[in-house]
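Here is the structure we will look at, set down as structure tokens.
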Amino acid sequence: MLSRVADALYWMSRYVERAEDITRILTVNFHSLLDAPVEVGESAWQPIIAITGDEERYRQSYQEYNARHVSEFLLWNPANPNAVTTCITRARENARSVREQISSEMWENLNRLYFLVRNLDREVTGRGPYEFFDQIRYGSWAFQGITAETMTHGDAYEFIQLGKLMERADKTLRTLDVKYSAVNTMREGPEVSLQLISLLRSCSGFEAFRKTGAAQLQSSRVAEFLLLDQTFPRAVGFCLHRALRSINALAGDSIRPSQLSQHSNPQRMIGRICADLEYLNIEEVLGARMHPFLDTLLMRINQVGDEITRTFFNTQVILPGRAQQPAQQQQQQQQ
Amino acid sequence: MPDPSETRPFLLEDNYDIGEFFDEMFTATGAPHPHYEAIYSRLRQLSKESFEERRRRASISFLYQGVTFTVYHENEGEQEGIERIFPFDLIPRIIPRQEWEILETGLSQRVTALNLFLHDIYHEQRILREKIIPAELVFGARHFRREMVGIHPPRNVYAHIVGSDLVRNERGEYLVLEDNLRSPSGVSYMLENRQAMKRTFPNLFQRHGVRSIEHYPQELLATLRSIAPHDNPDPTVVLLTPGIYNSAYFEHTYLARQMGIEIVEGRDLVVHDNRVFTRTTRGLKPVDVIYRRIDDDFIDPLCFNHTSMLGVSGLVNAYRAGNVTLANAIGTGVADDKAVYAFVPDMIRFYLSEEPILQNVPTYLAMREEDRAYILDHLESLVVKSVNESGGYGMLVGTQSTREERERFRELIQTHPRNFIAQPTIRLSRHPTYQEGHLYGCHVDLRPYILSGEGVTIVPGGLTRVALRRGSLVVNSSQGGGSKDTWVLNR
Amino acid sequence: MRLQIRHTTIFHYSEAINEAYTEMRLRPLEGAGQRCYRFSLMTEPRGEVMSYIDRYGNTVHHFDTLQSHDRVVVMAASDVETPPTFLSEPTPFSPLDAYDFLAPTDYVPLAEEIESFARRHAAADDPQATAFGLMEGLFRELVYDPQATDVKTRAPEALRLKRGVCQDFAHLMLAGCRSLGIPARYVSGYLYSARAVRPAEAEGEKRPSNAASHAWVDVYLAERGWVSLDPTHNCEQTEQYVRVATGRDYADVPPTRGIFKGAASEELEVHVEVKAAPH
């Protein structure tokens, strides 16, 4: 498959997933924050930006953290390349360039989402954003379902899965990191439960978690679930295992005949992370140890993303390495 | 059999007007030519309603197949594409066997001479030394490429795919209107028209003995494979397209799919150490033959226009080194030039020592003094064309021009004589075509596609284009043209 | 004269680029009395260097640098023997040559002012006197000024300014000859001087050296054949001139031409060192 085509499919999928995840985080937190006491306002909205890793960018546009600014930033501020409307637009651009590879139903669905965000009346939506949130989330789920049912499950399909899974792992990790740290600083009480519920809902995992039979809502159990579970579709463990499967399907025997080792870099790197997670005892990373652990994990996942780009999308040419940011920024498609 | 209980009008009424033109279907007496008899009697049995119904079905099938061309324009800062179906007329244009045999031989002769001409001007330049063609006409042509001097393309073929447009005058004589040696398009319509006709009139084909054309993609692929560098028996062939914004993009994807080859854009290819590769998810894959639908100017920013984002840097160097073959070769546009066209009969005589089987339309070159005087004296009756443009835009149709337009061209011709030629207005032949409930005679031309590789192959017929606007002579898709299926008979 | 030339070009990029393609015309010509005994070209980063001969007989070296880099160095070394004067070849023109050496180009277009300038120095029925007259006329009427023009300046502009560098002198000489029907071609190469000359005007040459990139002109005279004239110095080619490339004008013989992917700006640094070797 042409690298350019694989690149477009991968990023089309990543951007749709990103739009969905950010929308869900906003939705969940909108609900919970409306219940919160007024003084908490500022410090309650800031973590949402922290999840995206775009704090610096946010501060360039806004002074304070409040509902309006945060939603604006995350939904449609042109200065934010990760805004939901930008993500949908870029997803659609990528789809258009590889229209031959996707089904017409997929294209129609994305196109509809695109016109939705393009023709958005921001005033109206700003006042009552829930319908918009719903449209984005349902649009994304429809896209995934249509893809699964109308595309042949070949290489093109695997790249789409890979993009979705990499993005999802990234988002679950970031959400867990920020919310777990918050919970860690709190004293025992109903506040903690609310936070944990919000964390789970941000990953659509509240009901699934309940079904695991965990009696009490404990931060350790929640962290374990979101990090290590291999059957819940938004858990990091699940995402990475499935991603490994996709990469195995794509890599075939070897990437380049000259390669001495059997596995390509992305295979090795993801394989290693999966193994680490599989044998991890959650007790080893609780409390103050969680954040550095998640931070390193996030960095490793981003490195896998770079390796995927290098291996599948950029043969022969090595692009200059990106300078390490103090906060891991969300990955962007190479222009 | 016509249904006697039907009181609706039939398709073929008796008031079809042949006018003063050669009509493809009808003789001067109003009876059909022998090779049209069968279709004529079939059409007589059809009511307008059932004809309309078939027409509708054909249109829908084109839409579903995506047989469109796209016209792009800017809308609120974004490129918006309007997909248009190239209008299709159900009544086929029919050519009897002997007639086609002459055309085939004539076209083959013509393309052979053109390829010999291209080889000659990029090597010994004999035809110029002998002063058969003025040197400045060739060397001053926009598309003459000095980079090609001395290069030896495989089999010495430069123009692998040529679309030569044929017209008929009022005496029914075929004339070559122009040769297209750069990226002649329309072959996808030819193929899809045949599919539509088969679906719409399945019985007709069996009774007529129409020669097949479906093998065009296979012939094209065989031609492309035959020109691989180093006689590679299993070359990798790709189609290089400018991308989705090109109006012929549909045809590019269509042909690539029919041939089973990869369609790529410039950015998918990379040149390394004079070899061309595609960037794939499994590494660099070598490329041997490129069927390129990108003009010379944009194909290699290192060699030609350095602002081009569509091309492949270093491609011409790889081509010069003989590591990749381009179809068509670089520099074929010099034979596309309308002034050089006037000398094609001389090329046939010079290289093949034969008389041309197919004639040119008489052509006056403004750069020749006597011709220029004649042109300026007869602007109202001539068709004046700019030598380098296609699409029918920069043209003066004398018989339909205003005084202003003639004055504008008079000045243009006097300042840049090299850029203009003129031809008498040909009374193009007409063909019954269905429009708004009736059959009218509309002007037609014919574009056969001539493939040159190991030998010369011409798929029977080609694309018949129709000027749908009443009285119009312009058959281009972008300006109100349509097409018909072309039938070459077995007998 | 025997000369050893070392020509180093350094391409500096403000930030890393990739997929760069570079072409260079550095190999001294063989012929017309000039012999090139040895020529080598090396690049950093190392890679394969290929070459071809263009339609004017110039050797073009080229290479690609696909991986990320912010600097390319090209080192060319040659060992040349120059004749005391330009020895004309008796080869007849191909039709293309006949056209190219007389036709107007982008740098050397047809222009009224050029034609009248040329006619002022023309000697009726004596192409040789005309050519020499044109050369001297340019030498006297134009001021050598590296600041007045740039690499894109066309002949009519230089004539209007009455100022320029050797590239402009050469283009004007071509313009004058061609407008009078005398075939002429552009020559690029080096001019050696025993003592260090002012910093050469070619792009990137900053330090004084004893050799400068230079441009002059070959003129075809029916009886004599090709004659090589330098309007910048009002003299015929001597043994101090090293010929590297010929063409219709500067556009046919750029010393370097390249393309790359990336947003960086490019800066050129050029060093030319020449040693005169004893025979």
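Points to keep in mind about this one:
- For segment C:232-272, the average shadow cast by the Cα convex hull is 4.9 nm², which is a quarter of the hull's surface.
- Neighbouring partner chain Cβ atoms per residue of C:60-70, average, 10 Å criterion: 3
- Antiparallel DSSP beta bridges within segment B:232-361, percent to nearest 5: 45
- Once the Cβ-Cβ distance of B:ARG469 and B:TYR245 is raised to the sixth power relative to R0 = 30 Å, the FRET efficiency obtained is 0.65.
- What separates the Cα centres of segment B:29-53 and segment B:317-361 is a distance of 41 Å.
- Once the gyration tensor of the Cα atoms in the protein assembly as shown is diagonalised, the equivalent ellipsoid follows with semi-axes of 58, 48, 25 Å, ordered largest first.
- Residues of type lysines that C:LYS261 reaches as a straight line, Cα spacing below 24 Å, ignoring anything fewer than 8 places off in the same chain: B:LYS285, C:LYS152
- Surface burial for B against A, with a 1.4 Å probe and both sides summed, reaches about 1800 Å² of accessible area.
- Under Karplus coefficients 6.51, -1.76 and 1.60, residue-wise ³J(HN,Hα) of segment A:116-126 in Hz, glycine/proline x: 4, 6, 6, 9, 4, 8, 5, 4, 4, 5, x
- Take the accessible area of C alone and of B alone, subtract that of the pair with a 1.4 Å probe, and the total buried over both chains is about 1900 Å².
- Ranked packing of C:123-129, B:194-200, most packed first, by mean Cβ within 10 Å: B:194-200, C:123-129
- Here the average projected area of the convex hull drawn through the C-alpha atoms of chain B stands at 25.8 nm².
- The mean number of Cβ atoms from other chains found within 10 Å of a Cβ in peptide B:282-288 is 5, as a whole number.
- Cα gyration tensor category, rounded, prolate or oblate, for chain A with a/c compared to 1.5: oblate
- Loss of accessible area when C meets A, both sides summed, Å² nearest 100, probe 1.4 Å: 400
- Where labels lie 7 Å past Cα in the beta-carbon direction, separation of B:GLN195 and B:ARG142 in nm: 3.4
- Extending 7 Å from the Cα toward the beta-carbon at both C:ALA263 and B:ARG211 defines two label points whose distance is 5.8 nm.
- Here the accessible area of segment C:2-276 is 49 percent carbon and sulfur, with a 1.4 angstrom probe and all protein chains present.
- Cut-off 17 Å (backbone N to label point 7 Å along Cα→Cβ of B:GLU20), residues of segment B:397-411: B:398-401
- Maximal additional length on extending the B:ALA31-B:ASN232 stretch stands at 66.8 nm, based on 0.36 nm per residue less the C-alpha distance.
- Only DSSP H runs of four or more residues enter the estimate; each adds -39500 (n - 2.57), and after division by the residues of chain B the mean residue ellipticity at 222 nm equals -9000 deg cm²/dmol.
- 10 Å beta-carbon shell around A:LYS171, net charge (K/R +1, D/E -1): 0
- Put a plus charge on the Cβ of each Lys and Arg, a minus charge on the Cβ of each Asp and Glu, and nothing anywhere else: the dipole of the protein assembly as shown about its Cα centre is then about 1480 debye.
- With Cα atoms as the point set, the radius of gyration and Dmax of segment C:2-276 evaluate to 18.7, 60 Å.
- Percent RCO, i.e. relative contact order, over chain C, from Cα pairs under 8 Å lying at least 6 residues apart: 29
- Ordering of C:8-14, C:152-158, C:39-45, B:114-120 by packing is B:114-120, C:152-158, C:8-14, C:39-45, highest average first (other Cβ atoms within 10 Å, averaged per residue).
- Per-residue average of Cβ from other chains inside 10 Å of B:307-313: 2
- Against the empirical 2.2 N^0.38 Å (N residues), segment B:362-424 has a Cα radius of gyration ratio of 0.96.
- Order by protection proxy (mean Cβ within 10 Å, highest first), peptides B:259-267, B:206-214, B:275-283: B:275-283, B:259-267, B:206-214
- Relative contact order (percent, whole number), segment B:362-424, Cα cutoff 8 Å, 6+ residue spacing: 49
- Cross-link reach list, lysines versus B:LYS338, counting only Cα pairs under 28 Å and skipping chain neighbours closer than eight places: B:LYS131, B:LYS385, B:LYS484
- Spatial separation of Cα centroids for segment B:113-131 and segment A:150-206, in angstrom: 71
- On a per residue basis, the protein assembly as shown carries 43 Å² of accessible surface, using protein heavy atoms and a 1.4 Å probe.
- Put simply, the amide H of B:VAL361, placed in the peptide plane, has neighbours under 5 Å in B:VAL176, leaving out anything fewer than 5 places away on its chain.
- Computed about the Cα centre, the dipole magnitude for chain B is approximately 760 debye when only Lys and Arg (+1) and Asp and Glu (-1) carry charge, each at its Cβ.
- Cβ-derived FRET efficiency at R0 25 Å, C:SER40 paired with C:THR91, nearest 0.05: 0.30
- Estimated FRET transfer efficiency (B:GLU124, B:ALA321; beta-carbon r; R0 22 Å; 0.05): 0.50
- Cα centroid of segment B:83-104 to Cα centroid of segment B:268-291, whole Å: 39
- Accessible surface of chain B, 1.4 Å probe, proportion on carbon and sulfur as whole %: 47
- Within segment B:350-382: backbone nitrogen closer than 11 Å to the B:THR399 label point (7 Å, Cα to C-beta): B:381-382
- The charge dipole of chain C, taken about its Cα centre with unit charges on the Cβ of Lys, Arg, Asp and Glu (plus for the first two, minus for the last two), comes to roughly 520 debye.
- Buried on assembly, segment C:1-35 (at least 40 Å² less accessible surface than by itself, 1.4 Å probe): C:ASN18, C:GLU19, C:TYR21
- Annotation for A:ARG59 and B:LEU204: the two label points, set 7 Å from Cα along the Cα-Cβ direction, are 7.6 nm apart.
- Placing unit charges on the Cβ atoms of the charged side chains and taking the dipole of the protein assembly as shown about its Cα centre, the candidate lying farthest along the positive direction among B:LEU255, B:ALA321, B:ASN360 is B:LEU255.
- Whole-percent carbon and sulfur share, accessible surface of chain A, 1.4 Å: 49
The values are calculated or read from the model by the stated rules, or taken from the named source; none is laboratory data. The structure displayed is predicted, hence computed values, not measured ones. Positions of Cβ are generated from backbone atoms using ideal geometry, with glycine treated the same way; all protein chains shown enter the neighbour counts. Quick note on the areas: whole protein, heavy atoms, side chains included, nothing else; ligands and nucleic acids left out. Shrake-Rupley method; radii C 1.70, N 1.55, O 1.52, S 1.80 Å.
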